[in-house]
1. Hey, Phe39 hits all of (1) part of a loop (DSSP other than H, G, I, E, B); (2) crowded, with 24+ Cβ neighbours inside 10 Å but one; which does it fall short on?
2. Just to check your reading of the model, which residue among Lys356, Lys371, Lys380 is assigned to a strand (DSSP E or B), of a type in the set (D, E, K, R) and in contact (Cβ under 8 Å) with a residue 60 or more places away in the chain?
3. Under 7 Å between Cβ atoms, which residue pairs at least 6 apart in sequence (or on different chains) link something in region 456-485 that is within 26 Å of Gln418 (Cα to Cα) with a partner that is assigned to a helix (DSSP H, G or I) and of a type in the set (Asp, Glu)?
4. If you check Val447 against the conditions, is it buried (at least 18 other Cβ atoms within 10 Å of the Cβ) and either among the basic types (Lys, Arg) or in contact with a strand residue (DSSP E or B) (Cβ under 7 Å, 6 or more places away or on another chain) (or both)?
5. Could you list all residues from region 218-240 that are crowded, with 22+ Cβ neighbours inside 10 Å, part of a strand (DSSP E or B) and under 22 Å from the mean Cα position of the chain (by Cα)?
6. Quick one: in region 489-507, of everything that is among the charged types (D, E, K, R) and at pLDDT 95 or above, which residue is surrounded by the fewest Cβ atoms within 10 Å (Cβ to Cβ)?
7. Go through region 56-74 and give me each residue that's touching a residue at least 60 places away in the same chain (Cβ under 8 Å) and either within 20 Å of the chain's Cα centre (by Cα) or not assigned by TED's automatic domain parsing to the domain that holds Phe39 (or both).
8. With the condition kept exactly as written, say whether any residue in region 115-127 is closer than 25 Å to Cys62 by Cα, in a loop (DSSP other than H, G, I, E, B) and either not aromatic (Phe, Trp, Tyr) or not assigned by TED's automatic domain parsing to the domain that holds Lys60 (or both).
Amino acid sequence: MINCKELRNKFKEQGCTFTIVCPTDPDYDKSRIIANSRFNYYPLAIGYCENAEDVSCAIKICKEAGLHLRIRSGGHQHEGMCSDNDVFIIDLSKIHTIRYTDNTNDYAWIPPGKKLQEVYKELESKNRIIPGGGCGSVNVGGLTQGGGWGLSARKYGLTADNIIEAEIVLANGKIVKANKDSYSELFWAIRGGGGGNFGVITDFLFKLSPLKDNVTTFELHWPKDKMLKIAKKWMQELPTHTCNLTTACRLSVTDQNTPSRTAILLVGQFYGEIPDLQKILQPFYDISKPTYELYESQTYTEIVNALLHSKKQSEPLPSLLAKRQTRLGSLLQPTVSLVKDEEAPTQTCDGPHPHKISSAFPIYDDALVDKIVTYLDNTKASEVVNLYLSLHGMGGAIQDFTEGPFPYRAKDFLLQFQAWWSNPEDPNTEKYIKWIEDFRTALQPHVEGAFINFPDASLVNRPDTPKGRIELLQYYYGDNLPKLIEIKKQVDPENLFSFGMSIPTET
């Protein structure tokens with residue numbers, strides 16, 4: 001196999017000037033890190049491409065050299081499949097400049113390497129928003145291609161529902177624009193068909209949505225003994241309420257050994273004013289007054305004034321919407337430190353952490369809630385691992401969008417099973433992984449399917465076999481899988497973009 005120095009020379013000979021990091025370079029160990037530190041891969045090289053032409057060059061030369069490729073936007077693929085040993089990583093993090101199509105600010109090209117926190121902050125200054133995810137360190141690329149759930153989803157749909165065109169580098173190195181009129185089947189596939197399957201997306205054209213006069217966020221806490229009633233009320237009411245409200249509910253394993261951990265967390269974002277939101281949430285107060293409550297509301301005028309203020313003075317900014325969105329997202333995904341006395345990371349978005357996640361959609365009845373609470377109650381809490389279930393509200397605009405390969409739009413909510421810890425060498429790692437697997441199994445037959453933004457290769461016994469791969473992907477794509485395979489065969493007939501959960505070229 002070609003070594004990294006020889007590869008770098010090949011790129012130079014072809015006039016490709018983007019940065020390539022090799023194992024002998026001082027930045028290599030930092031460059032190879034991905035968000036799930038449970039995986040410790042050593043790629044052959046990392047290429048920091050800066051435009052579509054760089055990506056095209058990387059694809060052509062790696063094909064000539066017989067190298068396997070991985071595509072990395074922000075490195076947050078939960079199963080670590082944006083990297084591997086001895087592969088060439090096409091890193092897109094340097095493609096990160098937003099470009100507006102005109103002065104109306106109704107449309108913008110947002111590239112895959114742009115972090116969500118930066119997207120929200122910049123769009124806020126123009127009275128615009130996209131319905132992205134909650135974790136500010138996640139980049140646009142992988143999130144969008146998987147669908148993308150966030151706290152504006154019931155108002156404006158999934159992230160993928162808001163793109164109207166994409167620039168894509170195909171497996172033959174050709175740079176194309178995919179939309180409803182050109183490469184229309186490919187355009188259908190990338191809006192929920194998972195990242196890295198059909199080519200390398202180097203830009204997304206988004207339809208931007210206006211910020212309403214008031215945007216309110218909230219956070220409510222309850223103790224463990226209210227879990228059954230709060231969870232049941234959430235499933236029955238909030239997912240089908242006004243589309244101006246998107247909520248999520250986190251149910252955690254906790255006991256006397258973890259006194260600082262919140263058992264029940266309800267968060268959300270409401271396009272409206274606090275009194276109107278509190279009326280909607282009154283049924284939860286009727287069950288029990290929260291042990292903690294926080295409501296924050298801001299008008300667009302206040303946001304702009306705060307941004308202007310920050311340029312003139314060094315005082316802390318008021319709680320801008322971008323900051324609040326990512327804070328709520330981090331609350332849904334807390335993690336822990338291994339050592340009690342050291343400063344613990346407060347959330348999963350602040351750096352690499354070992355973790356395991358899975359997902360499912362409900363076949364709802366009262367037994368589902370009972371089984372969830374029973375499983376959590378029967379789990380012993382630990383200070384070194386956070387174990388919990390996050391419920392994400394769907395419906396609203398998500399159900400209204402009829403295009404793309406995401407097959408579960410009719411569902412009222414999504415379940416995300418999560419385990420996060422701090423030490424990649426934790427001797428109980430396999431126990432944490434098994435906890436996730438057993439939790440999902442315990443909810444049968446009340447759940448089905450899975451969400452590709454939350455990938456889990458352990459849903460089937462042998463995902464490394466052709467039959468197992470198809471069985472696994474059917475969880476995520478359902479009846480749309482045959483069409484995705486056909487599109488894959490057309491745009492990537494040699495299966496260049498291949499990894500553990502990629503769409504194959506044949507059944």
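1. Of (1) part of a loop (DSSP other than H, G, I, E, B); (2) crowded, with 24+ Cβ neighbours inside 10 Å, only one is false for Phe39: (2).
2. Sole residue among the options that is assigned to a strand (DSSP E or B), of a type in the set (D, E, K, R) and in contact (Cβ under 8 Å) with a residue 60 or more places away in the chain: Lys356.
3. The qualifying pairs are Ser458/Glu437; Val460/Glu471.
4. Yes, satisfied.
5. The one that is crowded, with 22+ Cβ neighbours inside 10 Å, part of a strand (DSSP E or B) and under 22 Å from the mean Cα position of the chain (by Cα): Phe218.
6. So, considering only residues that are among the charged types (D, E, K, R) and at pLDDT 95 or above, the one surrounded by the fewest Cβ atoms within 10 Å (Cβ to Cβ) is Glu494.
7. Within region 56-74, Arg70, Ile71, Ser73, Gly74 qualify.
8. no
The values are calculated or read from the model by the stated rules, or taken from the named source; none is laboratory data. All values derive from a computational prediction rather than experimental measurement. No Cβ is skipped: glycine too gets one built from the backbone with ideal geometry, and neighbour counts run over all protein chains shown.
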